[in-house]
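Worksheet for the structure shown next.
Every number in this text was worked out from the coordinates using simple rules, so none of it is lab data. Small disclaimer: the values here were computed from a predicted structure and weren't measured. Glycine also receives a Cβ, built like all others from the backbone with ideal geometry; neighbour counts cover every protein chain displayed.
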Ligand SMILES: [Zn+2]
């Protein structure tokens, strides 16, 4: 992670953890600075002056892939990182975007699944819409379901962050559309997420969401915490918090398959 204050990069290279983000947010608040976290560039921008910042730091090389187990060999899983491109989803109090959190969690989850033998199909792998760039919200959702339905996957997981006008709203929720296998998957994921993230368990709920209604395979939508809640925003925008979410979802998937 890089930390840039008024265009000047600090001579540090640290992992973006909940602790560091909490400290940086505290500094920003006490100094009346703006804080923005760019997930794609793994960079925290602190803006003390009013001029815009234009800095493009280099990305760090990716880690070497490793094999952990063959528990999920033969399983194909479709992951849908919610929102993307011109649709940021919900915005957190620090200016973080839902679309960045959902993609980061999904990419960590993909790595974990692949390291355990699964084949993973993504509806998007970068900061873009699932349909064409100017697609309407409905076309974007239809494109995501079409990818899932054609993927040959046995389960479909859409990953989101919740948002609410009141900052106190908190917790994790998993939605399904009533199919018994979807309920089973949602139940396993919700249990694992509530345990792993240690935030309020809002339970497994029925929802008539487009992507769940039109999915031809067991499908769930995960709201992995409230981006509108300052503490859960830090959980969602930090490297360790995202890894915890990915690990919890992975355990929920393994529980669903009974492996
Ligand atoms: Zn969303």
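What the table shows:
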{"item": "Packing-based order for 142-154, 10-22, using average beta carbon neighbours within 10 Å, highest first", "result": "142-154, 10-22"}
{"item": "Surface/4 estimate of mean projected area, convex hull on alpha-carbon atoms of the chain, nm²", "result": "14.0"}
{"item": "Estimated inter-spin distance, residue 68 and residue 87, nm [label 7 Å along Cα→Cβ]", "result": "3.0"}
{"item": "Helix-only mean residue ellipticity at 222 nm for the chain, each DSSP H run of n ≥ 4 adding -39500 (n - 2.57), per residue, nearest 500", "result": "-11500 deg cm²/dmol"}
{"item": "Chain lengthening between residue 206 and residue 42 when straightened (0.36 nm per residue, less Cα-Cα)", "result": "55.5 nm"}
{"item": "Distance from the range 223-259 to the range 192-216 (C-alpha centre basis), Å", "result": "12"}
{"item": "Convex hull volume of the range 100-251 per residue (C-alpha atoms, cubic angstrom)", "result": "110"}
{"item": "Peptide ranges 224-236, 240-252 listed from the most packed, as the mean C-beta count within 10 angstrom indicates", "result": "224-236, 240-252"}
{"item": "Projected area, mean over directions - the range 2-47, Cα convex hull, nm²", "result": "3.0"}
